[in-house]
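> Below is a structure I'd like to ask you about.
Laboratory data are not the source of any read-out in this text; all were calculated from the coordinates shown. Remember, it's a predicted structure, so these values are computed and weren't measured experimentally. Counting neighbours? That spans all protein chains shown, and the Cβs are built from the backbone with ideal geometry, glycine included.
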Amino acid sequence: MYAATKTRFDVLFATSTLATRSASPKRSDEENLNRVYRYLRATKDYKFKILCDSMQLSASVDASHNIHADCKGHSGLLISIGGCPVFARSNKQKCVATSSMHAEVVALFDALPYITWMRDLLLELGYKQDKPTQVQQDNLSAIQVYKVGVTRTSRTRHIDSKCAFIHEKVQDGTIDPVYVKTDVILADVLTKPIVGSIFQKHFERYVTFPGIISRRRVVSPMKVKGK
């Protein structure tokens, strides 16, 4: 878990998912754990090169809806400074989301304390954030709700308090949610098991960015069902 939360964000989803199975593990969980070990051994020489060109904070937030057996979703958060990833979080959501938009709202709501704390930390260190922190998300419906705030419609009434809180942070200049496509959002690899060429693409963008020594072909640290 230490490596996953500090420097190897590429195995963070796998380790966080396996942690939820510790109470009643199955044979498949043991196989996935061994797969993570093999993956880490094969990529143990990979190291980050910190090449920040600014101290501007940015974040990427994503969610996978209804991915767990109890129908709960999974959230992913990646915070970067000057384009360099410095903090990542991958966790099972605490409530059952009724839609993919709901899951995205929950993911950003849970991510806001970390983003706000990071902004305050940089301010204390003398790096004032003159612009709102740009937050990438891949759900246009969620971004539209953030701009409106409390809608009181039948589809969002149950999450109005979360939407109002996010809307407040947009209005006071703390964050600026922006839309990016799913296949390029950085937090995507933190929310679901990805394999094959898709994982390779994410690995080269997400793990090797801003730079890792080797660029040979890698295998996903977690096996998906049916693969």
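> Given 54, 178, 197, which one lies farthest toward the positive end of the charge dipole of the chain, if we put +1 on the Cβ of every Lys and Arg and -1 on the Cβ of every Asp and Glu?
Going by the charge dipole, the pick is 197.
> Taking amide H positions as placed 1.01 Å from N in the peptide plane, with prolines and chain starts having none, which residues 5 or more places from residue 134, or on another chain, fall under 5 Å of its amide H?
For residue 134, the qualifying residues are 59, 176.
> Further, regarding this structure: Based on the Cα coordinates of the range 151-193, what is the per residue volume of their convex hull in Å³?
On the way: hull volume 5.3 nm³, N = 43.
Dividing the Cα hull volume of the range 151-193 by its residues yields 124 Å³.
> If you don't mind, there's one more thing I want to ask. Please report the relative contact order for the chain, taking Cα pairs under 8 Å with a sequence separation of at least 6, and give it as a percent rounded to a whole number. Please report the intermediate quantities before stating the final value.
Values: 381 pairs, mean separation 59.2, N = 227.
Dividing the mean separation by the residue count of the chain yields 26 percent.
> With a sphere of radius 12 Å drawn around the Cβ of residue 146, what net charge do the other residues whose Cβ falls strictly inside it have (Lys, Arg +1; Asp, Glu -1)?
On the way: positive: 147, 162, 169; negative: 104, 168, 176.
With Lys, Arg at +1 and Asp, Glu at -1, the neighbours total 0.
> Can you check what the Kirkwood hydrodynamic radius comes to for the chain, Cα pairs only, in Å to one decimal? List each step's numbers first, then the result.
On the way: mean 1/r = 0.0547 Å⁻¹.
Final number for the Kirkwood radius of the chain is 18.3 Å.
> Set the bar at 20 Å for Cα to Cα. Now go through 72/201; 72/162; 131/181; 26/92 and name every pair that lies beyond it.
Details: 72/201 27 Å; 72/162 17 Å; 131/181 23 Å; 26/92 18 Å.
Long pairs (Cα-Cα over 20 Å): 72/201; 131/181.
> Sticking with this one: Give the share of C-alpha pairs in each 5 angstrom bin for the range 57-179, from 0 to the last occupied bin, in whole percents, shortest bins first.
P(r) over the range 57-179, rounded to whole percents: 2, 12, 23, 23, 19, 12, 6, 2, 1, 0.
> Right, something else. Apply the Karplus parameterisation 6.51 cos²θ - 1.76 cosθ + 1.60, with θ equal to phi minus 60°, to every residue of the range 76-87 and state each ³J(HN,Hα) to the nearest whole Hz, in sequence, with x for glycine and proline.
So the J values, rounded to whole Hz, are x, 9, 10, 10, 10, 10, x, x, 9, x, 10, 8.
> Moving to a separate point now. Can you tell me the order of 95-105, 130-140, 17-27 when each peptide is scored by its average per-residue count of other Cβ atoms within 10 angstrom, highest first?
Numbers: 95-105: 20.2, 130-140: 18.4, 17-27: 11.7.
Ranked from most to least packed, the peptides come out as 95-105, 130-140, 17-27.
> Another question about this same structure. How many nm is it between the label spots at residue 114 and residue 131, if each spot is 7 Å from the Cα in line with the beta carbon?
Here the modelled spin labels are 2.2 nm apart.
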